[in-house]
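These notes concern the structure reproduced below.
The values are calculated or read from the model by the stated rules, or taken from the named source; none is laboratory data. These numbers come from a predicted model, not from an experiment. In this analysis, Cβ positions are derived from the backbone assuming ideal geometry, glycine residues included, and neighbour counts consider all displayed protein chains. For accessibility, only protein heavy atoms count, side chains too; no ligands or nucleic acids. Shrake-Rupley method; radii C 1.70, N 1.55, O 1.52, S 1.80 Å.
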Amino acid sequence: MLRANTLFYLMFLWALAVPCTACSQSNCPQMPADCPVEDYPNLDLSEDSVSKLGNPIIPQEVAMEHFLRRRTTALMKRIAQKEGWEVTELSEGGASGYRDLPPHDTPLNYALRPPHWFEISFQFIINKDSLAAWAAWIKDLSERRLADVNQYASRMASVEDKRKAYMDSANYYGDLKANYMTAHMAGYQQALMSGSKSGTAAYEKAVDAYDKKVNYWINKATDLQKDASSEKRQSDAEEEKNSVGQRYHDATVVTVEFRFNGENALTNEAHAAGEASGSSSGGNPSGASGYSLARWYSNPKPYLKDPLALYTHSRNFVLLLDGPWNLHPDANGIFYPSFRSNKQAIDQRTPKSIKSDRIQAISIHIAGNKAGIGRVLADLSAAELRSSLKEHSQ
């Protein structure tokens with residue numbers, strides 16, 4: 001028996017999934033852009049350190065993470081002040097640490113630990129008017145979707161008596177089928193065992209006739225629930241949510257993702273569009289002074305809900321690499337830092353010439369508004385970054 005209208009509930013859930021600016025939290029003025037995972041400006045460093053030490057990472061690596069948060073935050077705030085933007089730290093995370101080899105269960109000795117990685121991401125709101133327009137559009141879209149759901153629900157209510165009558169007919173023939181099968185099952189099994197094709201055929205023909213009547217009435221009930229216009233509006237709204245939402249995102253924000261001592265630097269399915277330090281592609285300003293590599297990318301399949309990386313949310317991004325890297329990506333567009341090719345630098349048995357809390361390689365993804373990316377490139381030279389991080393550089 002059909003107990004619920006599938007299309008109605010899909011539409012209802014879709015409507016609920018569209019963010020509504022009326023629901024914005026007071027501590028997240030960036031909505032509908034991304035919101036911070038934590039209240040990082042008011043983070044209790046002592047509690048943060050205790051939680052990190054349980055991973056297990058060691059005090060030197062905790063100090064490294066706190067140092068990198070301070071320095072990258074200062075750099076981002078300087079750029080925000082210069083450009084008249086607002087900046088927020090969105091997330092951060094680091095390596096889970098290493099334990100000693102069995103039978104020990106203590107943090108691996110400092111001298112033996114591989115490079116400790118840490119990543120931190122920021123979001124610039126570069127245009128408040130665009131952010132407000134984005135929020136207004138989402139509110140309007142949500143209201144239109146809710147109105148469509150209500151209209152569909154009203155239409156379903158108007159045909160509910162007829163749908164119920166159709167389903168009563170389906171259930172009636174379903175009961176007749178069950179009664180027939182109960183009364184004739186023994187004879188059918190005997191026919192099967194004796195190989196009597198005429199005996200089995202008669203039974204199966206009768207059951208099939210009941211099935212056809214049951215399906216006829218179920219299909220009649222299902223047809224009442226079809227609404228081609230609502231399905232088309234739903235499809236159009238989904239397309240609007242993706243395409244218009246993408247345009248607002250890339251008009252409103254620039255995101256910056258730092259990764260220190262990462263095992264690689266990804267570009268996913270994006271296509272290289274030129275060297276950022278000299279490219280005039282699309283009228284982008286030059287910049288990215290002094291990096292080992294600075295390359296523009298065009299992302300053909302941006303996905304705003306990707307939880308793993310912010311640069312995949314945008315159609316445009318720049319990858320910056322600093323330090324010793326293999327500057328020739330593999331077949332999947334992945335770059336690797338030089339230390340990954342040195343087994344002794346990443347094993348857990350060899351004393352390290354460069355300790356785990358020293359910065360050996362940096363990757364930075366800058367994504368979002370194309371002109372805004374150019375401004376960040378012009379404002380963040382490799383020399384300034386290195387100077388800021390000199391204390392923890394190799």
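In this structure, is residue 244 surrounded by 12 or more Cβ atoms within 10 Å (Cβ to Cβ) and either of a type in the set (Phe, Trp, Tyr) or free of Cβ contacts under 8 Å to residues at least 60 places away in the same chain (or both)?
Taking the combined requirement at face value, the residue does not satisfy it.
State which residue pairs qualify: first residue basic (Lys, Arg) and inside region 167-187, second residue part of a helix (DSSP H, G or I) and modelled with pLDDT of 90 or more in any location, beta carbons under 6 Å apart, and separation of 6 or more residues or different chains.
As it stands, the answer is 177/210, since those pairs meet every condition given.
Residues being crowded, with 16+ Cβ neighbours inside 10 Å and either modelled with pLDDT of 95 or more or of a type in the set (A, V, I, L, M) (or both): count how many of those fall in region 44-59.
Residues that pass the stated criteria total 2.
Please go through region 233-274 and give me each residue that is part of a helix (DSSP H, G or I), modelled with pLDDT of 75 or more and not polar (S, T, N, Q), ordered by number.
Hits for region 233-274 are 238, 239, 240, 241, 244, 245, 247, 248, 249, 250, 251.
Counting only residues that are touching a Pro at 6+ places or on another chain (Cβ under 6 Å) and closer than 15 Å to residue 259 by Cα, how many does region 307-337 have?
Final tally of qualifying residues: 2.
Is it true that residue 96 is open to solvent by 20 Å² or more (accessible area, probe 1.4 Å), small (Gly, Ala, Ser) and at pLDDT below 90?
Spelling it out, residue 96 is indeed open to solvent by 20 Å² or more (accessible area, probe 1.4 Å), small (Gly, Ala, Ser) and at pLDDT below 90.
Just to be sure I understand, how many residues within region 52-93 are farther than 23 Å from residue 386 by Cα, free of Cβ contacts under 8 Å to residues at least 40 places away in the same chain and polar (S, T, N, Q)?
0
Considering region 126-164 alone, what residues qualify as being open to solvent by less than 50 Å² (accessible area, probe 1.4 Å) and of a type in the set (A, V, I, L, M)?
Across region 126-164, the qualifying residues are 126, 131, 133, 135, 138, 141, 149, 153, 156, 159.
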